[in-house]
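Peer 1: Pasting in a structure now, in structure tokens, and then I'll have a few things to ask.
The values are calculated or read from the model by the stated rules, or taken from the named source; none is laboratory data. Since this is a predicted model, take the numbers as computed values, not measurements. Positions of Cβ are backbone-derived with ideal geometry, glycine not excepted, and every protein chain shown enters the neighbour counts.
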Amino acid sequence: MRTSNIIFYNIQIVTRSKRAIFKIIGELSDYLKDIIVWDKGYAQPAMAHKVLNRRTELILVFDSKNAISRQFEKANFERGTLDDLWQIKRGKKIADNHSAVFPEELVSTIIRNFSNENDIVYDPFMGTGTTAVVAKKLNRHFLGSELNKKYFEVIKHRLLELESQLF
């Protein structure tokens, strides 16, 4: 039996991404299972006057096997269900390396609720490695990709630091 693969795709709504969001949704509509709204708690001031400040981002949830059903095969929801609006404050900047760090709570919410221990979690854009760190803390295996060597060094440092705390 083949298990489904769930993909969580975070996208910030900015001027140039609006069309891309709807193209992605349109082209992959057969696999779109749900949409989560991440409320970051406050909006960064806009660069220009007379524009809306974005305090939310979308997390598009795709399922390779069963997007039609609203049920998630491997869900671990504490109350049986999970809200689609997540109020989680934005992540703190790590040194001077990356200003758009995902908060561990956001990543943890996804991993805890949609995977089991020893599952593999993959992050194609690792950034500062938050997904890898959280996966390790929650006893998941992880794979990741990162092209930026500076971020790769941050990831290595964070994982080594975590290893020293665990053992």
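Peer 1: (1) surrounded by 12 or more Cβ atoms within 10 Å (Cβ to Cβ); (2) touching a strand residue (DSSP E or B) at 6+ places or on another chain (Cβ under 6 Å); (3) hydrophobic (A, V, I, L, M, F, W, C): which one isn't true of LEU85, the others all being true?
Peer 2: Unmet for LEU85, out of (1) surrounded by 12 or more Cβ atoms within 10 Å (Cβ to Cβ); (2) touching a strand residue (DSSP E or B) at 6+ places or on another chain (Cβ under 6 Å); (3) hydrophobic (A, V, I, L, M, F, W, C): (1).
Peer 1: Suppose we filter GLY41, GLY91, GLY80 for residues that are surrounded by 13 or more Cβ atoms within 10 Å (Cβ to Cβ) and in a loop (DSSP other than H, G, I, E, B); which single one remains?
Peer 2: GLY91
Peer 1: Could you grab the pairs with beta carbons closer than 6 Å, sequence gap of 6+ or different chains, first residue in the range 50-75 and closer than 19 Å to ILE120 by Cα and at pLDDT 80 or above, second one acidic (Asp, Glu) and surrounded by 11 or more Cβ atoms within 10 Å (Cβ to Cβ)?
Peer 2: The qualifying pairs are VAL61/ASP34.
Peer 1: Now, a different point. Which residues, taken from the range 78-106, are farther than 20 Å from ILE13 by Cβ, of a type in the set (A, V, I, L, M, F, W, C) and modelled with pLDDT of 90 or more?
Peer 2: The one that is farther than 20 Å from ILE13 by Cβ, of a type in the set (A, V, I, L, M, F, W, C) and modelled with pLDDT of 90 or more: LEU82.
Peer 1: Which condition number does GLU117 fail, the rest of (1) under 26 Å from GLY41 (Cβ atoms); (2) loosely packed, with under 12 Cβ neighbours inside 10 Å being met?
Peer 2: If we test GLU117 against (1) under 26 Å from GLY41 (Cβ atoms); (2) loosely packed, with under 12 Cβ neighbours inside 10 Å, just (1) comes out false.
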